[in-house]
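Asks: Please see the structure below; I have some questions.
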Amino acid sequence: MSVRVRFAPSPTGALHIGGVRTALYNYLFAKKNHGIFILRIEDTDQARYVPGAEEYILDALRWCGIEPTEGQGYGGKLGPYRQSERKAVYREAALQLVESGKAYYAFDTEEELDRMRARLADAGVAAPKYDASVRMEMRNSLSLDPLEVTDLLRAGTPHVVRLRVDPGKQVVYRDLIREEVRFDTTELDDKVLIKADGMPTYHLANVVDDHHMDISHVIRGEEWLSSTAHHLLLYEAFEWSPPRYAHLPLIMRPDGKGKLSKRDGARFGIPVFPLSWKGDTAEESFTGFREFGFEPEAVLNFLAFLGWNPGTDQELFSLDELVEAFDLGRVHRSGARFDMDKALWFNHQYIKQRPVQEIVSKLKPLVEARGWLWDERKCLEIVPLFTERVNLVSEIPDAAGYLFSELRTMDEEAVRKHWKPELGPVISELVKILEAVEPFEAQALEQAAKAGFQSLNVKPGQILPILRLALAGGLQGPGVFQMLQILGKQGLSRIRTFVARD
Ligand code: GLU
């Protein structure tokens, strides 16, 4: 059997990171099995449609590097891949079910439905629903006289199409992640398939498209698990063979308390979307992983491990290696906790491995955005000194600001601890020695300084912290002589200025 999988998001806003993980697992599964990864836009719910969301989905997949081989924006023989353009297909499918007696027209108004629910609630029914127990008391093509039904339809009376679910049966299937899953049809309602506005519901459109698009495996989030009961009943009603199903575990909040939602981004100071999203209000606007400064490869590596592991100690994977290692059978059943430190760790590992030139290119716009002069040669020297110290490229301008631009801050507490005015003349002597060093490079500078400490009769431990403060304004940072090499003679001026401070 050839593998064809789909990612089927609804364009209701920015694509949540959980959706990106679903896309990634579909992508990995498709590539691993030499299959096809399809993008389908499920936009049948007009009320929840958000302009720009479809574009966002495409941009996000492109940024991550997990692009579909077929589907919306990519073409293919089984399109259109946007559900709003497939209305006729769903209508025809629904009529087919009505004709075979597996579905029916229902003319009940909102008031009638409310009355039915209230009546059942009064009778002590915990979750009132439109099902076999009440359908014959409602106004539908099963309960009404066929002539009346024809008249109602002819008169254009608003109606929906519902699936006829027979009670007392078991729906059983084997989930690729959860093993055997069982539903009792007595618990299920007669789901609406076509709404009063003529649009299909998610359930009908999803099943019809999976069938017409020849989907072999449905890999989706756990929140859709309960829908699978109706989906399987639909396959049975159509007499189509269903795809295999795999339901992925939820992504949980960092504190483990419930499912990660878009609001948790602001609550925990973490990104929950791949790219930034500008909503109508500040509350509806979100900063993405990209804008936080994450590299897409690190985000994919992080997401791959949210719910799966390869069963070995290896944690760092390129996309190709993930394809090779991925196995749906190793996806966990229980929720996966979002761990920001782990996300940062993946990014740190990633930037450490990358060629310096690549990081330098990423840094350029960030440096320029601060109004600092861009000096590529200098940047090539700075970057290797900081990739060990930062998790994100975007942290480099702050961490190395004193090398890009002038010194702006001074750790006065450290100054009080290390600086003694009587050391001034010694340091001035040392500056003279360093000034004469040719070439002005870290190694040569260090050698000259060492000789200087001896001849001036001071301990390196007395002087080096002061030089560090003078150059960097704090005690952290790369080696003193590496900094000096980058700053050049300007570094020596900083030392002179420092010594003259009192
Ligand atoms: N449109 C659904 C969503 O937004 C698709 C669920 C599925 O994959 O069946 O996630």
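The values are calculated or read from the model by the stated rules, or taken from the named source; none is laboratory data. Keep in mind the model is a prediction, meaning the values are calculated, not measured. As a convention, Cβ positions derive from the backbone with ideal geometry for all residues, glycine included, and neighbour counts pool all protein chains shown.
Asks: Strands (runs of 3 or more DSSP E) wholly in the stretch 178-231 with at least 1 residues that are within 16 Å of the ligand (Cβ to nearest atom) and buried (at least 20 other Cβ atoms within 10 Å of the Cβ) - which ones?
Replies: Here the list reads 192-194, 217-221.
Asks: Here's another thing I want to ask about it. Limited to the stretch 148-177, what total is found for residues that are surrounded by 12 or more Cβ atoms within 10 Å (Cβ to Cβ), free of Cβ contacts under 8 Å to residues at least 12 places away in the same chain and over 24 Å from Gln96 (Cα atoms)?
Replies: 0
Asks: I'd like to check something: does the stretch 347-360 contain any residue that is touching a residue at least 40 places away in the same chain (Cβ under 8 Å) and farther than 27 Å from Ala304 by Cα?
Replies: No - not one qualifying residue is present in the stretch 347-360.
Asks: Just need a number here: residues in the stretch 232-246 that are in contact (Cβ under 8 Å) with a residue 40 or more places away in the chain and more than 10 Å from the ligand (Cβ to nearest atom).
Replies: Applying the first criterion (in contact (Cβ under 8 Å) with a residue 40 or more places away in the chain) to the stretch 232-246 yields 232-234, 237-238, 242, 244-246.
From what's left, more than 10 Å from the ligand (Cβ to nearest atom): 232-234, 237-238, 242, 244, 246.
Matching residues across the stretch 232-246 total 8.
Asks: So which pairs qualify, if the first residue must be in the stretch 481-494 and within 15 Å of Glu438 (Cβ to Cβ) and assigned to a helix (DSSP H, G or I), the second must be at pLDDT 95 or above and among the charged types (D, E, K, R), the Cβ gap must be under 8 Å, and the two must be at least 6 apart or on different chains?
Replies: Phe481/Glu446; Gln485/Glu381; Gln485/Glu441; Lys489/Glu435; Leu492/Glu435
Asks: Could I ask something else about it? Can you tell me which of Leu316, Leu344, Leu403 is in contact (Cβ under 8 Å) with a residue 24 or more places away in the chain and in contact with a Phe, Trp or Tyr (Cβ under 8 Å, 6 or more places away or on another chain)?
Replies: Leu316
Conditions tested, residue by residue: (1) more than 27 Å from Gly335 (Cα to Cα); (2) touching an Asp or Glu at 6+ places or on another chain (Cβ under 9 Å); (3) modelled with pLDDT of 95 or more; (4) among the hydrophobic types (A, V, I, L, M, F, W, C).
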position	(1), (2), (3), (4)
Phe7	no, no, yes, yes
Gly19	no, no, yes, no
Ile36	yes, yes, yes, yes
Arg40	no, yes, yes, no
Asp43	yes, yes, yes, no
Ala47	yes, no, no, yes
Ile57	no, no, yes, yes
Leu61	no, yes, yes, yes
Gly65	no, yes, yes, no
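Here's the yes/no breakdown for (1) of a type in the set (S, T, N, Q); (2) farther than 18 Å from Thr22 by Cα:
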position: Ala282; (1), (2): no, yes
position: Trp308; (1), (2): no, no
position: Gly311; (1), (2): no, yes
position: Gln314; (1), (2): yes, yes
position: His332; (1), (2): no, no
position: Val356; (1), (2): no, yes
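Asks: To continue, here is another question. Does Gly75 count as closer than 20 Å to Val3 by Cβ and surrounded by fewer than 16 Cβ atoms within 10 Å (Cβ to Cβ)?
Replies: Judged against the criteria, Gly75 is a match.
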